[in-house]
Amino acid sequence: MEATSAMVASRKTQETEADPDHPVLEIRHAKKRFATPEGQEVVALDDVSITVARNEFLTLLGPSGCGKTTLLRVVSGFEDLDGGEILIDRQDIARQPAYRRPVNTVFQTYALFPHLSVARNVAYSLEVARVDPAEIRRRVGEMLELVGLAGFGDRRINQLSGGQQQRVALARALVARPKILLLDEPLSALDKGLRDKMQQELKALQHELGISFVFVTHDQEEALTMSDRVAVLGHGKLQQIGRPQELYRAPRNVFVARFVGESNLFPATVTQSDPAGIALRLSDGQEVRLPASTGNVLMVGAKVRLMARPEDARPATGKNNAGGLRFQGRIKQVFFVGAHYKILVHTQAHGTLKASLPAGEDLGSTPAPGQAVELHFPPATLHVLLDEEAGR
Amino acid sequence: MQKSRKTARTSAATSALAMALAVVVAPAAAEGRLNLYNWGDYINPEVLQRFSEEFDVEVTLDTYGTNEEMLAKIQAGATGYDIVFPSVWMHDVMFNLGLLAKTGIGSHPDFKNIDQTFIRAKTDPQAEYCLPYAWGSVGIVYNKKVVDTPIKGWADLFAVAEAGKKVILLDDPRETIGIGHIMNGTSVNSVDEEEVVKATDYIIERIGDVSAFTYDSIPLVQSGDVAAAHWYVGANIFVSQMPDILEYVIPEEGATIYQEDMCVLESAPNRENAIKFLEFYLRPEIAALNVAQQMNGTPNIPALELIPEEIANNETIYPPQEVMERLQIFHDLGEDIRLYAREWRRLKTAAQ
Amino acid sequence: MMVRGTLKWRQAIALLGLLGGPTLFLGVFFLGPLVIMLIYSWLEPGLYGGVVWNFYHLNYGRIFGWANTRYEQFDPAYLRIFARSIWLALCTVGLSLAICYPAAFWISRQPEWRKNLFIFLITLPFFVSLIVRLFAWVLLLRPTGFINQALMGLGIVDQPLEMIFTGFAVVLGMVYIFIPFMFLPVYASVEKLDMAMVEASFDLGAGRWQTFRRVILPMTLPGVIGGSIIVFIPSLGNFIVPSLLGGAKVMMIGNLIEQQFLSARNWPFGAALSMVVMATVLVLLLVYVRQMTREDRAVAAAPEPTGDMR
């Protein structure tokens, strides 16, 4: 039985001995352009390089039109690259047709075959590979059990709910044990409760199977929850790739800061730069000193942006006066979201700021629209952003 | 079984379409009505116009493609028609079925205009019912540029075919098996099984050289795609248009003749007008008017003086007596028609 | 119980109202003539068409082998003509499918306005009389016709090809007539085919041929079979094309039936032949319907388990 499954695997790729420490997928300088029907040219992928480690859950995150789906389709083989390489286990597969690549896809619409039963949908890749029927039965049974659909094998696709169809799509894509599973916004058609449940289940499944998942979504919360690493794509470029915490705490540019989590962004000018740190002045005249960052050397006079996350805001008191930024304003709107309040504060100098205050914190009283408030962001929570976004 | 008598442009398939065409000729505020049911293109519309004006009658014209089609429709209870134009044998059939009305046309003073030899229906020897209307031969039309020597008869036709030039026969069991009878010297009305089989065999022996059985052969003869075709005397219309290319002959071995009679139906709603129309058609100038356009034969003797000379002098339209004697007309065969149907099917399957 | 009962009644009445009209229509204009034909086929032929009301089995005897009288003789030729008609009809179905299937794929990938244009063009011939269109083919196919002139002009052949008045011309003519009937159902199912299905198949390791056989063909099969039936039935009974383009030398069952009703004046035999044609078509249809519904029934009684992923 092991021999047959090895045969299936070898159909998909000329097996190079897998090196556990080498990335399973390497995308190097991927370039892809499309012509629109109006005759214009759209750059979908602009020199994108990403690697995916073995057993990694990598999410491609970005707004629609950012190139994330194109990237997925380039890997699965539905689109050809205009330039660059795609390596799976060190082998360039960019010229291989889709059906020879050792990757499988869970489609956004599932794309289940309506004329085949659940079991035959799942068995499809094995039947195509002419695996022994007894072996097919065994593996399909296993797979259906794994996704919680044991006994559903004889159903027709149109007799299943959305969530069940999702599971069939997963089982179908996983049964041939691909090296990489590609998931194209697979949860977007599900309602919120089911989506949360599926997120956990997917993560558990990935952990259990030990297959690399490349997951495409435009939902940053989903990306942060599930992924080992997240690659943020914008305008065809890789804006940043890293662990969810890195992306959140240290976005590389304004695009990432805006797309991952909520943020307040303040234009600022560098007034002093030395090995110990930098000083910045905001448009309202406040100055703030920050410790030196390792990455960038900033020239005096450079225009940058200062990012402050809403949840780092604290009501200003005498005690937490040391450094950081302070803003006075009036509360415009208050949203109670259980553990904290989200408030919008109108300031003279910077327009509307977002802040998130723990519900237990003593504000003197419950925040209410019209109230005067002073917010404080400690220096450690501030982050300097250099560019608008990559390549601009 | 002939189709549209004048130009035979239609085939079995088109007869249904032809039926949908109805012509109405009417003066303003006509008193009476007259409904004709005729073959397609088988009467000069001017004749209807004249009658309509003179008698203040609204005339309508419906058309059919075969005798059987007309009979089936009348039998099925189609009422409203006053006059039909059956072939002679169908005239007998309809008489036997009691579908025809007595008109006494044979005792009208002008009936003396009619050549007595054209009172052919066995059931109506005194012409008490119907008026002989028109007649013509069924012969051969050929392309003079394609054949080396003029075709004179059926033997020549099949010789041309054997030489590799294409010929077309009519898609009509009795006409086409009739050629076999003529060549075998048996009657075209034979119901002797052996004779019918032999007549059919005559065609089957030559069927490899026959490129088609169809009524729609004139354009192919004109273009030279086909050297010759079995066709009606109406081919003279095309001959007169293209005298350098086309020629129509009555085969020297003999041929068939068709004749239609003008009959009033027992169910005719306008019997008086119908009889008036029969009497109207006895007038030589009216018969001549029809012939001038139809280019076929009329039994009306004085009319011959009035028709255009090139028609009157055309021996394929008005053949001399010795040729007339070689022409045979079809009779009703009753049940024996099935013998011909059976042989016709045998002939057709031999073609495949 | 009462509420349920009245509801059911109401539904029944509503259904009756909806289906009553069409049922009546079909009963009068479809079933009626059919019953007349069935009865006629067991009666004696009348002398001048029509029937004599005597039970008479020789109409079928002529086709299937027990008749042997002066007029009613068994002749295997009838079955041969029948077999030949089926063959020509199948050729017509095959050829029109071979043209329409790829065409449907190509057209379904065009921009919207062009799709509509092509569909309009395909139905355009309907605006012209069938007879006129078939005559146009006579003129095209004859030895001095356009096709032969073009072939000779290009030096492809040195003498005209025998095309007119052959079985080839008959099939060509029928393909020409029935292409819209094949195209529309095929196009309807091709257009519905989700390209994601094709991609999914590639993704799961199926090459072009496997994808075609396992996904594209099965998913467009309803259109293919629908189109094939709609083309097969009228091709089988066609008599216009064989008489115009086949020069009546190519005899199909339709010509034989037409001849019985007209020149042979033998309505019952024509009716018997029609019944045999209809029975054949019905059997073929039943086989098809069973084939199509079998899979559904096999699936109907599956259990209803629920569960989470492990």
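The values are calculated or read from the model by the stated rules, or taken from the named source; none is laboratory data. These figures come from a predicted structure and were not determined experimentally. Heads up, the Cβs are rebuilt from the backbone with ideal geometry, glycines too, and the neighbour counts pull from every protein chain shown. SASA here: full protein model, heavy atoms, side chains in, ligands and nucleic acids out. Shrake-Rupley method; radii C 1.70, N 1.55, O 1.52, S 1.80 Å.
Among C:F25, C:F126, A:F152, what's the order by accessible area (1.4 angstrom probe), most exposed first? Don't jump to the answer; show the numbers that get you there.
Values: C:F25 125, C:F126 100, A:F152 0 Å².
I get C:F25, C:F126, A:F152, largest accessible area first.
Can you give me the accessible area per residue for the protein assembly as shown, using a 1.4 Å probe, in Å²?
Values: 46080 Å² over 1054 residues.
Accessible area per residue: 44 Å².
Would you mind working out the magnitude of the charge dipole of the protein assembly as shown relative to its Cα centre, with +1 at each Lys and Arg C-beta and -1 at each Asp and Glu C-beta, to the nearest 20 Debye?
I would put it at about 5260 debye.
Taking beta carbons within 10 Å but only from partner chains, what does the mean come to for residues A:108-117?
Working: counts 1, 4, 2, 11, 3, 8, 4, 9, 5, 4.
Per residue, the average neighbour count from other chains is 5.
Step through the residues of the range B:41-48 one at a time and calculate ³J(HN,Hα) from phi using the Karplus curve (6.51 cos²θ - 1.76 cosθ + 1.60, θ = phi - 60°), rounding each to whole Hz and writing x for Gly and Pro.
Per residue, the Karplus-derived 3J(HN,Hα) values read 6, 10, 8, 6, x, 5, 4, 5 Hz.
Given a 1.4 angstrom probe, I'd like the percentage of the accessible area of chain C that is carbon and sulfur, rounded to a whole number.
73 percent
Need one value: the accessible area of B:F51 in square angstrom, 1.4 angstrom probe, rounded to the nearest 10.
0 Å²
Mind listing the phi-derived Karplus ³J(HN,Hα) values for the range C:149-161, rounded to whole Hz, using 6.51, -1.76 and 1.60 with θ = phi - 60°, and x for any glycine or proline?
My calculation for the range C:149-161 gives 4, 5, 4, 6, x, 7, x, 6, 10, 9, 9, x, 6 Hz in order.
How much of the accessible area of chain B, probe 1.4 Å, is carbon plus sulfur, in whole percent?
Roughly 49 percent of what the probe reaches on chain B is carbon or sulfur.
Report the accessible area of C:W42, computed with a 1.4 Å probe over the heavy atoms of all protein chains in place, in Å² rounded to the nearest 10.
90 Å²
Would you kindly find the accessible area of B:E335, with a 1.4 Å probe and non-protein molecules such as ligands, DNA and RNA excluded, rounding to the nearest 10 Å²?
So the heavy atoms of B:E335 present about 80 Å² to solvent.
Do any residues of the range B:36-79 lose at least 40 Å² of accessible area when the full set of protein chains is present rather than just their chain alone, and if so which, with a 1.4 Å probe?
SASA drop of 40 Å² or more in the range B:36-79: B:E68.
Largest first, how would B:S107, C:S201 line up by accessible area (1.4 Å probe)? Please list the in-between numbers first.
Values: B:S107 100, C:S201 0 Å².
So the residues, ranked largest to smallest area, are B:S107, C:S201.
Can you list the aspartates and glutamates whose alpha carbon sits under 19 Å from that of B:K152, skipping same-chain ones fewer than 8 residues off?
The reachable aspartates and glutamates, counting only those whose Cα sits under 19 Å from B:K152, are B:E162, B:E175, B:D209, B:D244, B:E247, B:E252, B:E253, B:E315, B:E322, B:E325.
In Å², nearest 100, what accessible area do chains A and C bury in total when the solvent probe is 1.4 Å?
Chains A and C together bury roughly 3100 Å² of accessible area.
Ignoring ligands, DNA and RNA, what percent of the accessible area of the range A:262-386 is carbon or sulfur (1.4 Å)? Let's see the in-between values first.
Values: 3540 of 6490 Å².
Answer for the range A:262-386: carbon and sulfur cover 54 percent of the accessible area.
For a test of the definition: using alpha carbon positions, the gyration tensor, and the 1.5 limit on a/c, classify the protein assembly as shown as rounded, prolate or oblate.
Since a/c reaches 1.5 and a/b is larger than b/c, the shape of the protein assembly as shown is classed as prolate.
Report Rg (one decimal) and Dmax (nearest whole number) for chain A, counting Cα atoms only, units Å.
Just the Cα atoms of chain A yield Rg and Dmax of 25.1, 76 Å.
Ignoring ligands, DNA and RNA, how do A:S161, B:S211 rank by accessible area with a 1.4 Å probe, largest first?
A:S161, B:S211
Report the number of Lys pairs in chain A whose alpha-carbons are under 12 Å apart, with separation of 8 or more residues or on distinct chains.
8
Can you work out the Karplus-derived ³J(HN,Hα) for every residue in the range B:170-186? Use 6.51 cos²θ - 1.76 cosθ + 1.60 with θ = phi - 60°, whole Hz, and x for glycine or proline.
6, 8, 9, x, 6, 4, 6, 5, x, 4, x, 4, 4, 5, 7, x, 9
Just need the relative contact order of chain A here, percent rounded to a whole number, with Cα pairs under 8 Å and 6+ apart.
Relative contact order for chain A comes out at 15 percent.
Let me have the relative contact order for the range A:262-386, percent, based on Cα pairs under 8 Å that are six or more residues apart.
Relative CO of the range A:262-386 lands at 29 percent.
Among all the lysines, which ones have a C-alpha under 27 Å from B:K73's C-alpha, if same-chain residues fewer than 8 places away are not counted?
Candidates past the 8-residue exclusion: B:K3, B:K6, B:K102, B:K122, B:K276.
Out of C:G246, C:Y48, C:W113, whose Cα points farthest toward the positive end of the dipole of chain C (charges: +1 Lys, Arg; -1 Asp, Glu; placed on Cβ)?
Selected residue: C:Y48.
Work from the charge dipole of the protein assembly as shown (Cβ charges, +1 for Lys and Arg, -1 for Asp and Glu, about the Cα centre) and give the residue of C:G17, A:A189, B:I337 farthest towards its positive end.
A:A189
To the nearest hundred square angstrom, how large is the accessible surface buried between B and C, total for both chains, probe 1.4 angstrom?
By this definition, chains B and C bury close to 3800 Å².
Among the aspartates and glutamates, which fall within straight-line cross-link reach of C:K115, defined as a Cα-Cα distance under 20 Å, with same-chain neighbours fewer than 8 residues apart omitted?
Cross-link targets: A:E38, C:E191, C:D194.
Once you order the gyration tensor axes a ≥ b ≥ c over the Cα atoms, which shape class does chain C get: rounded for a/c under 1.5, otherwise prolate or oblate by comparing a/b with b/c?
oblate
Taking beta carbons within 10 Å but only from partner chains, what does the mean come to for residues C:132-142?
If you average over the peptide's residues, the count of other-chain Cβ atoms is 3.
Rounded to the nearest 0.05, what FRET efficiency do B:R283 and B:A76 have when you use their Cβ-Cβ distance and R0 = 30 Å?
Once the sixth-power term is evaluated, E becomes 0.30.
Give me, ordered by chain and number, the residues 5 or more places off A:E79 or on other chains with an amide H under 5 Å from its own placed amide H.
Residues meeting the amide H criterion: A:V74.
Relative contact order for chain C: what is it in percent, counting Cα pairs under 8 Å that are at least 6 residues apart?
Values: 320 pairs, mean separation 74.9, N = 310.
Here the relative contact order equals 24 percent.
What is the ratio of the Cα radius of gyration of the range C:1-131 to 2.2 N^0.38 Å, with N the residue count, to two decimals?
Scaled against compact globular proteins, the figure is 1.80.
Ignoring solvent entirely, what values of log10 I(q)/I(0) come out of the Debye formula for the range C:87-250 at 0.09, 0.12, 0.14 Å⁻¹ when each Cα is a single scatterer?
-0.39, -0.65, -0.82
Report, as an integer, the average count of C-beta atoms from other chains found within 10 Å of each Cβ along C:252-264.
On the way: counts 0, 0, 0, 4, 4, 0, 2, 7, 3, 3, 10, 13, 10.
So the per-residue partner count for this stretch is 4.
Going by a 1.4 Å probe on protein heavy atoms, which residues of the range C:66-111 end up with at least 50 Å² less accessible surface in the whole assembly than in their chain alone?
C:R70, C:Y71
Under a Cβ-Cβ limit of 4.7 Å, which cysteines in the protein assembly as shown have nobody to pair with?
For the protein assembly as shown, the answer is A:C66, C:C91, C:C100, because their Cβ atoms have no other cysteine Cβ under 4.7 Å.
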